[in-house]
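Take a look at the structure below.
The values are calculated or read from the model by the stated rules, or taken from the named source; none is laboratory data. Just so it is clear, the structure is predicted and the values come from calculations on it, not from any experiment. Positions of Cβ are backbone-derived with ideal geometry, glycine not excepted, and every protein chain shown enters the neighbour counts. Quick note on the areas: whole protein, heavy atoms, side chains included, nothing else; ligands and nucleic acids left out. Shrake-Rupley method; radii C 1.70, N 1.55, O 1.52, S 1.80 Å.
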Amino acid sequence: MAVAFRLILWRLLPLLLITFAAAFWFNDVQGDSPYVVRNFIPLGLLVLLAAFTLYRGDGRWAGAGKRLPLGVAGFAIPALGLSVYLHYAYSVNLNGMFTDASHPYRIFQYLPIYTTVAGGIGFAIGWIIGRNA
C-alpha cells in the first residue's frame with residue numbers, strides 16, 4: 001500500500017504543480033477581487049478526480065480502465081483551459097474585451113460555475129469514449 005501511495009503522489013505531482021501555478025496566477029490576475037477563492041474550485045475538483053483515478057488504478061492512470069483517465073482529461077481541458085484563457089484575456093484586456101464594462105472583474109463571479117459545468121460535460125464525453133474504447 002505504501003508503494004502505491006508513493007506512486008500516486010509521484011504521478012499526481014505534475015498536475016499539482018500546474019494547478020498550484022494556475023492558482024497563484026489567478027490570484028495575481030484577480031488582485032483584490034472577492035471571487036478569487038471561488039475560481040480555485042474547478043482546479044480542486046480536477047486534482048480530486050485525478051487522485052481518485054490514480055487510486056482506483058493502484059497508481060497507474062489506466063489501471064482501472066480507460067473511462068476514468070479519459071474522463072479526467074475531458075474535465076481538465078474545458079475546466080482548466082477555459083479558466084486560464086479567460087484569466088489571460090482579463091489580464092491583457094484581449095481585444096478590448098473589458099474596456100467598456102462597468103465591473104469587469106465580475107466575469108470571475110460565475111466563471112467557476114461555467115468551467116465546472118463545461119468540465120462535467122467533458123468528463124461525460126471522455127467517459128463515453130473510454131467505455132467504447
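Within segment 45-55, identify whether any single residue is of a type outside the set (A, V, I, L, M, F, W, C), in contact with a helix residue (DSSP H, G or I) (Cβ under 9 Å, 6 or more places away or on another chain) and in contact (Cβ under 8 Å) with a residue 40 or more places away in the chain, and answer yes or no. Before the answer, list the steps.
Keep residues of segment 45-55 that are of a type outside the set (A, V, I, L, M, F, W, C), which gives 53, 55.
Retained after the next criterion (residues that are in contact with a helix residue (DSSP H, G or I) (Cβ under 9 Å, 6 or more places away or on another chain)): 53, 55.
Those still in the list that are in contact (Cβ under 8 Å) with a residue 40 or more places away in the chain too: 55.
Yes - at least one qualifying residue is present in segment 45-55.
Would you call S33 in contact (Cβ under 8 Å) with a residue 24 or more places away in the chain, open to solvent by 30 Å² or more (accessible area, probe 1.4 Å) and either over 9 Å from the mean Cα position of the chain (by Cα) or within 21 Å of Y110 (Cβ to Cβ) (or both)? First the steps, then the outcome.
Values: in contact (Cβ under 8 Å) with a residue 24 or more places away in the chain: yes; open to solvent by 30 Å² or more (accessible area, probe 1.4 Å): no; either over 9 Å from the mean Cα position of the chain (by Cα) or within 21 Å of Y110 (Cβ to Cβ) (or both): yes.
Answer is no for this residue.
Can you tell me how many residues within segment 76-105 are surrounded by 12 or more Cβ atoms within 10 Å (Cβ to Cβ), of a type in the set (A, V, I, L, M, F, W, C) and closer than 15 Å to W25 by Cα?
Residues meeting the conditions: 5.
Among the numbered criteria (1) modelled with pLDDT under 95; (2) closer than 25 Å to R131 by Cα; (3) in contact with a helix residue (DSSP H, G or I) (Cβ under 8 Å, 6 or more places away or on another chain); (4) not hydrophobic (A, V, I, L, M, F, W, C), which single criterion is violated by G74?
Just one mismatch for G74, condition (1).
Taking A64 as meeting all but one of (1) under 16 Å from L7 (Cα atoms); (2) assigned to a helix (DSSP H, G or I); (3) open to solvent by 30 Å² or more (accessible area, probe 1.4 Å); (4) aliphatic (A, V, I, L, M), write down the number of the exception.
Failed condition: (2).
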